[in-house]
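Take a look at the structure set out below.
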Amino acid sequence: MNNSVSNTARLLGAGLRALLVLTVLCGVLYPLAVTGVAQAAFPDQANGSEVSSHGKVVGSSLLGQRYDKGTDKAGNPIPDLRFFQPRPSAGLGSNKTNGVNTQYDLQVSGASNQGATNTDLVKAVKQRKAWVARTYGVPESKVPADAVTSSGSGLDPDISPEYARLQADRIAKENGLPAATVRKLVADHISGRALGFMGEPRVNVLELNIALKDLVHGRG
């Protein structure tokens with residue numbers, strides 16, 4: 001009996017010591033070491049890849065955001081056509097409305113899992129294509145895919161150079177700028193494929209709009 005109690009006490013003591021050691025190692029020292037290395041070697045990425053404009057953080061280069069000028073009577077956002085628009089955000093249901101996340105809501109991300117034959121998706125794509133064609137004065141056949149479809153996360157910060165160029169003339173008109181100037185701005189903000197072969201050329205919408213705003217206000 002005494003041996004059984006003694007063995008149990010010894011095992012409990014060993015378990016508690018292991019728990020304490022592992023808690024300190026994995027819950028304190030390891031996170032501190034990883035955080036320290038990240039801050040020393042990759043401070044920009046470790047802090048969320050923040051983008052600043054004139055001393056103020058305005059977003060992250062990894063996350064998309066909307067550019068609106070309020071909402072209509074139904075509560076739908078009204079795009080501000082002075083700025084380049086991102087691709088649609090239509091991923092997982094929003095925590096706030098339990099519906100489709102169309103607002104670049106950072107509380108949720110992920111694909112909606114709607115397939116190409118889903119009637120809701122087909123209807124939404126047709127409506128978006130019609131809006132883009134009407135707004136920017138191009139045939140629907142010229143509307144690029146990323147203008148009417150969301151990314152897998154619903155938070156993509158980039159658009160294709162084609163979609164950026166498609167918007168350029170309307171944005172130039174809205175801001176009283178020469179169209180050639182805005183087209184050059186787009187060209188200057190095209191990023192190539194990663195390592196020269198991965199992915200597709202892209203334009204970061206936040207960074208492009210910051211440059212556009214500076215141009216409009218004569219700070220470029």
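The values are calculated or read from the model by the stated rules, or taken from the named source; none is laboratory data. Since this is a predicted model, take the numbers as computed values, not measurements. Because the Cβ atoms are built from the backbone with ideal geometry, glycine has one as well, and the counts that use them run over all protein chains shown. The area values use the complete protein model at the heavy-atom level, side chains included, leaving out ligands, DNA and RNA. Shrake-Rupley method; radii C 1.70, N 1.55, O 1.52, S 1.80 Å.
Is region 122-161 rounded, prolate or oblate when judged by the Cα gyration tensor, a ≥ b ≥ c being the square roots of its eigenvalues, rounded requiring a/c under 1.5 and prolate requiring a/b larger than b/c? Working shown, then result.
Numbers: a/c = 2.49, a/b = 1.49, b/c = 1.67.
Here region 122-161 falls in the oblate category.
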Contact order normalised by residue count of region 24-96, Cα under 8 Å, 6+ apart, percent: 15 percent
Cα-centre dipole for the chain with unit charges at Cβ (Lys and Arg positive, Asp and Glu negative), debye to 20: 300 debye
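How high is the relative contact order of the chain? Use alpha-carbon pairs under 8 Å, at least six apart in sequence, and give a whole percent. Don't skip to the end; give the middle numbers.
Details: 281 pairs, mean separation 37.4, N = 220.
Value for the chain: 17 percent.
Highest mean first, what order results for 134-142, 14-22, 63-71 on Cβ atoms within 10 Å?
Values: 134-142: 12.0, 14-22: 10.0, 63-71: 14.8.
Going by the mean number of other Cβ atoms within 10 Å, highest first, we get 63-71, 134-142, 14-22.
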Cα long-axis angle, helix 119-136 against the chain (0 to 90 degrees, to the nearest 10): 50 degrees
Other-chain or far-sequence residues with amide H under 5 Å of Ser60's (modelled H): Val51
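Solvent-accessible area per residue for the chain at a 1.4 Å probe radius, Å²? Could you put the intermediate results ahead of the total?
Values: 13690 Å² over 220 residues.
Here the residues of the chain average 62 Å² of exposed surface.
Can you give the Rg/Rh ratio of the chain, where Rg is from the C-alpha atoms and Rh is the Kirkwood radius?
Numbers: Rg = 24.8 Å, Rh = 20.8 Å.
Reported Rg/Rh (Cα atoms, Kirkwood Rh): 1.19.
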With every protein chain in place, the chain: carbon and sulfur % of accessible area (1.4 Å): 57 percent
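Computed over the Cα atoms of region 132-220, what is the convex hull's projected area averaged over all directions, in nm²?
If you wrap the Cα atoms of region 132-220 in a convex hull and average its projections, you get 6.5 nm².
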Size of region 1-86 as Cα extents on the principal axes (Å, biggest first): 82, 39, 18
Degrees separating the helix 179-188 axis from the principal Cα axis of the chain, which is the longest one: 30 degrees
C-alpha long axis of helix 205-216 to longest principal axis of the chain, angle in °: 50 degrees
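What order, most packed first, do the peptides 165-175, 186-196 have when packing is the mean number of other Cβ atoms within 10 Å of each residue? Kindly include the intermediate steps, with their values, before the conclusion.
Numbers: 165-175: 18.7, 186-196: 12.5.
The packing order, highest mean first, is 165-175, 186-196.
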